[in-house]
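See structure below.
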Amino acid sequence: MANCGFGLTIDDVCRTAYSMAVNLKIKHPFNSSRAKAGYDWYAGFMGRHPQLAIRKPEGLSAARGMMLNKNVVTSYFKLLEDTMGRLKLFDKGSQIYNVDESGINTVHTPGKIIGQKGKRAVHSNTSRDRGENVTAVVCASASGVYIPPMIIFKGQRLNKGLVANAPSGTLFATSKSSFIDRELIEHWFEHHFMKYLP
């Protein structure tokens, strides 16, 4: 998962192990009230997989800078090619999807305008002085089919004025920061993406 940019914390691994054991009906000694595997299981898991290690993730801007490295780019495309070959996807554009998130401000930044020389301030109308940041999660297949977007607002309630003219099928969500998190991406995948697949 870390190779794909989705590193798991110890807590994520323990919760995933519990969830898999329950879903696959595997007998387990895990604590059901906490809904996760314990530290002893985790230590054993790490012992059985010596190729794994606890790593401190780099900040996004540093990670983006590293992605410009030729070896990293070559490795990524090699992994992509191998995965597509193994799954026989080279001629199946309708089964290849790309998803991305993008931050958007709800108030546009006015472009340059022509104004009177010598005037101290010129103004351009916007809907507000300060906008809200929202996150748009967009997804499309290589064959051109798109999944309606997910829009994430900051806070606990949706701003009805901002959702009125959204594309049909848009999924709306909220988070503390307006950024996507693990729970939101899982919800998007299981309850939104999956229902639009052909």
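Quick note: the coordinates plus some simple rules give every number you see, no bench work behind them. Note that the coordinates shown come from a computational prediction; the quantities given were computed from them, not determined experimentally. Heads up, the Cβs are rebuilt from the backbone with ideal geometry, glycines too, and the neighbour counts pull from every protein chain shown.
Rounded to 0.05, the FRET efficiency of the K195 and V99 pair, given R0 = 22 Å and the Cβ-Cβ distance, is 0.90. For the range 1-57, the relative contact order is 27 percent, taking Cα pairs closer than 8 Å that sit 6 or more residues apart in sequence and dividing their mean separation by the residue count. Normalised by residue count, the range 1-57 yields a Cα convex hull volume of 97 Å³ per residue.
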